Amino acid sequence: MTDTLHQPSRLRAMTAVLDAIALLCKILTGVALVVLTVIFGWLVFGRYVLNATPTWVEQVALLLVMLIAFLGAAVGVHEHTHLSVSLVRSAVPKRIRSLLVVISDIAMAGFGGLMLWYGWQLTVFKWGSLIPLLQVPEGLRSLPLTIGGGLILLFSIGHLIRLCLGVDERRDSIE
């Protein structure tokens, strides 16, 4: 994702690892989206052609939507494509813009840390009960929240490290 030619080797390694994690998340969310589409096709076919609705589809769909949403959000933070309002940053002088970028990254890291912490607590709390029709732990519903929060924290820290070293290359960051 980033130009690594002029970066120290440890920073290049960090960037490569974060890019690989983001790529893995994209692959997982892409596969989950395809599976979601296929199982909903099966739901429609079962309901209207076979006259026998597969009831497990809704429970699996909920799990897949959680996976897609939270891993997708983490990738958005990494690639700086997440929902953000850059109008204010673009309208202020460079010095203030730099401060707003740092504040934004710190806020995202804090948000990711909270998602990780409370998502983990929720996952552990719900792990003992089972999802009806699937007979898998209920904690699987909140596991994507936990993982997504951890990745948002990790990717935000990566942005902050690059900012501190002066090699941040995001388009609307520091011009």
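None of the figures in this text is laboratory data; all of them are computed from the coordinates on show. Predicted model only: the values in this text are computed from it and were never measured. Cβ atoms come from the backbone with ideal geometry, glycine included; neighbour counts cover every protein chain shown.
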| request: With r as the distance between the Cβ atoms of ALA107 and LYS26 and R0 = 25 Å, compute the FRET efficiency 1/(1 + (r/R0)^6) and round to 0.05. | output: 0.55
| Rounded to whole Hz, the Karplus (6.51, -1.76, 1.60) HN-Hα couplings of the stretch 103-117, x for glycine and proline | 4, 4, 5, 5, 5, 5, 5, x, 5, x, x, 5, 4, 4, 5
| task | Enumerate the calculated ³J(HN,Hα) couplings along the stretch 93-98 in order (Karplus 6.51 cos²θ - 1.76 cosθ + 1.60, θ = phi - 60°), each rounded to whole Hz, writing x wherever the residue is Gly or Pro. | result | x, 4, 4, 5, 4, 4
| query | Hey, rough spin-label estimate for LEU133 and VAL35, points 7 angstrom out along Cα→Cβ, what's it come to in nanometres? | reply | 1.6
| note | Under the helix-only model (-39500 (n - 2.57) for each DSSP H run of 4 or more, divided by the residues of the chain), the mean residue ellipticity at 222 nm, to 500 deg cm²/dmol, is -25000 deg cm²/dmol
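How do the peptides 103-110, 40-47, 66-73 rank, highest first, by the average count of neighbouring beta carbon atoms within 10 Å per residue?
Values: 103-110: 16.1, 40-47: 13.6, 66-73: 20.9.
In descending order of packing, they fall as 66-73, 103-110, 40-47.
Below 8 Å, C-alpha to C-alpha, sequence gap of six or more: please give me the relative contact order for the chain in percent. If you can, show how the numbers build up before the last one.
Values: 196 pairs, mean separation 46.4, N = 175.
Reported relative contact order: 26 percent.
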| task | With a point put 7 Å past each Cα toward its Cβ, work out how far ALA52 is from LEU165 in nm, to one decimal. | result | 5.9
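Classify the stretch 18-94: rounded, prolate or oblate, from the alpha-carbon gyration tensor (a ≥ b ≥ c, eigenvalue square roots; a/c under 1.5 rounded; otherwise prolate if a/b is larger than b/c)?
The shape class here is prolate.
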| remark: Amide H neighbours of LEU130 at under 5 Å, excluding residues fewer than 5 places away on the same chain, with H built from the backbone geometry, are GLU138
| query | Which listed residue (VAL44, LEU140, SER98) has the Cα farthest towards the positive end of the charge dipole for the chain, taking +1 on Lys and Arg C-beta and -1 on Asp and Glu C-beta about the Cα centre? | reply | SER98
